[in-house]
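Structure, as structure tokens:
What follows is calculated from the coordinates using simple rules that are stated; it is not laboratory data. Here the structure is a predicted model, which means the values were calculated and not measured. Note: ideal-geometry Cβ built from the backbone for every residue, glycine included; neighbour counts use all protein chains shown.
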Amino acid sequence: MLYLEERLQLAKVGSVMVKKKLTNNAGGNISMKVDEDEDYQYFIVSPKQAGQLKYWNLRPEEVLVLRKNKKTKVNEKLEGEGQFTRETALHLNVFDQCPKVKSVIHSHPYESMGFVTFEDEIPLACENVMKFGRVPVLDFAPATTPELAQIVKEFLENNRDLSNLGAIAFCLRGHGIVVASNGDLDITLDHLERLEYNSKAINDYAAYAIVKDKIILPEYEEVGNE
């Protein structure tokens with residue numbers, strides 16, 4: 001089996017994502033560049049409906065191996081059960097525009113979806129997410145469409161500096177988040193989780209700020225230092 005270790009890693013990352021509410025069974029996709037030669041680039045990608053049909057419990061043979069011809073831009077499946085997701089073009093556009101990127105995760109994370117839905121750039125409040133620089137919301141296009149992949153391409157073309165950060169994140173309006181890194185999928189998953197905890201911190205404080213003046217803290221009798 002081609003790239004068995006990497007395909008096992010992708011399957012593991014998908015399972016962790018759904019268990020930690022970093023995506024849902026409705027969607028998301030994962031990809032990683034695994035090899036390159038003079039004529040081709042090689043990627044592993046999650047199959048179509050990995051969430052809806054497989055609940056992100058993927059076997060390595062269900063992870064697809066994609067070979068892209070550098071000259072003709074033609075993609076072909078070398079191994080794997082199932083079909084390519086229609087978001088594959090979006091992932092490949094990230095790799096094309098950011099040559100240093102090695103892995104990409106698109107997800108629907110629980111705490112961050114409010115920013116995605118209401119078109120607010122995600123504020124970077126926690127120290128461990130400052131590496132992103134900013135997390136903007138891109139213009140709307142329907143999910144899985146060539147128009148959405150093109151919007152991603154144009155955004156990255158116009159923000160070349162992002163590819164030098166080692167970590168990139170942006171929101172697809174009304175849809176989800178894309179996180180990419182110059183490392184493998186474990187590193188990109190770590191970046192996604194940090195961003196999600198940043199969103200949770202903001203959401204928790206926003207809720208607290210509404211009621212903080214009305215909170216009456218209980219008083220306790222001091223019973224000693226034990």
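Mind jotting down the three principal axis lengths of the range 62-130 based on Cα atoms? Whole angstrom, largest first.
Taking the Cα atoms of the range 62-130, the three principal extents are 42, 26, 21 Å.
Around GLY183, which amide H atoms from residues at least 5 apart in sequence, or from another chain, sit under 5 Å from its own amide H, with H modelled in the peptide plane?
Those qualifying (amide H under 5 Å, at least 5 residues apart or on another chain) are LYS102, SER103.
Ignoring chymotrypsin sites (Phe, Trp or Tyr not before Pro) that are buried or in helix or strand per DSSP, and keeping those with at most 10 other beta carbon atoms within 10 Å, what is the longest stretch of the chain between them?
It runs 1-117.
Hey, what's the per residue convex hull volume over the C-alpha atoms of the range 92-226, in cubic angstrom?
140 Å³
Quickly work out the ASP96-to-GLU121 label distance, labels modelled 7 Å from Cα along the C-beta direction, and quote it in nm with one decimal.
Spacing of the two 7 Å Cα→Cβ label points: 2.7 nm.
From the phi of every residue in the range 126-140, what ³J(HN,Hα) in whole Hz does the Karplus formula 6.51 cos²θ - 1.76 cosθ + 1.60 yield, where θ is phi - 60° and glycine or proline is x?
8, 4, 7, 10, 4, 4, 6, x, 7, 10, x, 9, 7, 4, 6
Between TYR110 and ARG59, what is the spin-label point distance in nm, taking each point 7 Å from the Cα along the Cα→C-beta axis?
3.0 nm
Can you list which of the GluC sites (Glu not before Pro) found in the range 1-92 are DSSP loop residues with at most 12 other C-beta atoms within 10 Å?
GLU38, GLU81
Out of residues 5 or more away from ASP35 or on other chains, whose amide H comes under 5 Å of its own, with H placed 1.01 Å from N in the peptide plane?
TYR42
Which whole-Hz couplings ³J(HN,Hα) result when phi for each residue of the range 174-184 is put into the Karplus expression 6.51 cos²θ - 1.76 cosθ + 1.60, θ = phi - 60°, listed in order with x for Gly and Pro?
x, 10, x, 10, 10, 10, 9, 8, 7, x, 7
Evaluate 2.2 N^0.38 Å with N set to the residue count of the range 18-100, then give the Cα radius of gyration divided by it.
Relative to the rule-of-thumb radius for its length, the range 18-100 sits at 1.11.
Consider all pairwise Cα distances in the chain and report the whole-number % of them above 21 Å.
Beyond 21 Å sits 56 percent of the P(r) for the chain.
What list of ³J(HN,Hα) couplings, whole Hz, do you get for the range 199-213 from phi and the Karplus terms 6.51, -1.76, 1.60, once you set θ to phi - 60° and write x for glycine and proline?
5, 5, 4, 5, 5, 5, 5, 4, 5, 5, 4, 5, 10, 4, 6
For the chain, set up a GNM with springs between Cα atoms under 10 Å and report which of ILE216, ILE44, ILE30 has the largest fluctuation.
ILE216
What is the set of long-range amide H partners of VAL137 at a cut-off below 5 Å, with H atoms built 1.01 Å from backbone N?
Long-range HN contacts for VAL137: GLU121, CYS171.
Please check: in the Gaussian network model of the chain (C-alpha springs, under 10 Å), which one of VAL65, VAL116, VAL34 has the largest mean-square fluctuation.
Of VAL65, VAL116, VAL34, the most mobile in the Gaussian network model is VAL34.
Cα to Cα, under 16 Å, and not fewer than 8 places away if on the same chain: which aspartates and glutamates meet these conditions relative to LYS54?
Candidates past the 8-residue exclusion: GLU62, GLU81.
Given the options THR117, VAL13, ALA89, identify the residue whose Cα lies farthest towards the positive end of the charge dipole of the range 1-126 (+1 on Cβ of Lys, Arg; -1 on Cβ of Asp, Glu).
Of the candidates, VAL13 comes out farthest on the positive side.
Between ASP120, ASP161, ASP96, find the one with the highest GNM mean-square fluctuation for the chain; connect C-alpha pairs within less than 10 Å.
Ranking ASP120, ASP161, ASP96 by mean-square fluctuation puts ASP161 first.
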